[in-house]
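Quick notes on the structure that follows.
Every number in this text was worked out from the coordinates using simple rules, so none of it is lab data. Computed from a prediction, not measured in an experiment: that's the story for all the values here. Counting neighbours? That spans all protein chains shown, and the Cβs are built from the backbone with ideal geometry, glycine included.
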Amino acid sequence: MGKRIIQQRRGRGSSTYRVRKKAFSIKPAYPSDLKPGEKFKVVKLIHSSGHSGVIAKLMNEEGKIFYNLAANLLYEGQEIVFGGQNNGDIAMIGDLKNGTEIFNIENRAIDGGKFVRSGGSFAVILNKKGEEVTVMMPSKKEKKFDARCRATIGRVAGGGRLEKPVLKAGKKFYIKKAKSKLWPRTSAVAMNAVDHPFGSGRGKRIKSKIVKKNAPPGRKVGLLRPRRTGRKKK
């Protein structure tokens, strides 16, 4: 009798493959009701095990609080302005100059921030055309955004985290566990046939990785509805 493969085991939702609620208790996002010129002060810089970047707790004079990813060189007591042009300020990307480094970019206006949020990462504004702004992402690919989308100026704090080697498997285990990532990753072809559809390669002859769209859960592994296949020619 076979056993559940890893996809089925994770999909069940047990505590083994579920992130601790405490790790993501703080959710960095922009408030929907920010007004131009509104000022906030950095009250505290927080280390969150669920995020690779540092999180800043921001508060205005009325006691309104929200959390945002901290920009590099941000310090406690610093004043943040919505619509400003300095490091750490939040602004609509349509109001910023070409070449400005930004992070925590909204996918759609007033969604709180979705892109470029890992420690040390940043994107660059390339050009503006009407209500569209072209941004070079950390992957060096260009992406177009609505000019009303908000972003933070600068780079995410915590850069250089990948420069220091992990050294021990135990440390890597706890890093992955805090973010509910599956680790260690085993090659599917190296598994037995009962553990994975690609298992028991018998000489590593890999089956087609393009899965049928009507495949059942547990059989739906490999390339799911790929846009293209084969080697990419440069």
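Under the 0.36 nm per residue contour assumption, what length would be gained going from the current alpha-carbon distance of Leu126 and Arg10 to full extension?
Between Leu126 and Arg10, full extension yields 37.7 nm more.
Describe numerically, in nm with one decimal, the distance between label points set 7 Å from Cα along Cα→Cβ at Tyr17 and at Glu61.
Simple spin-label model gives 5.3 nm for this pair.
Among (1) 21.8, 68; (2) 18.3, 54; (3) 23.0, 69, find the value of Rg and Dmax of the Cα atoms in Å that was calculated from the structure presented, and write down its label.
It is the value labelled (1).
As I understand it, the dipole of the chain uses +1 on the Cβ of Lys and Arg and -1 on the Cβ of Asp and Glu, about the Cα centre. Which of Ser15, Ala193, Val156 lies farthest toward its positive end?
Ala193
Between His47 and Trp183, what is the label-to-label distance in nm when each label sits 7 Å out along the Cα-to-Cβ direction?
1.6
Any chance you could check the Cα centroid distance between region 29-107 and region 169-227 for me, in angstrom?
Here the answer is 39 Å between Cα centres.
So, in nm, how far is label Lys176 from label Lys140 when the simple model puts each one 7 Å beyond its Cα toward the Cβ?
2.8
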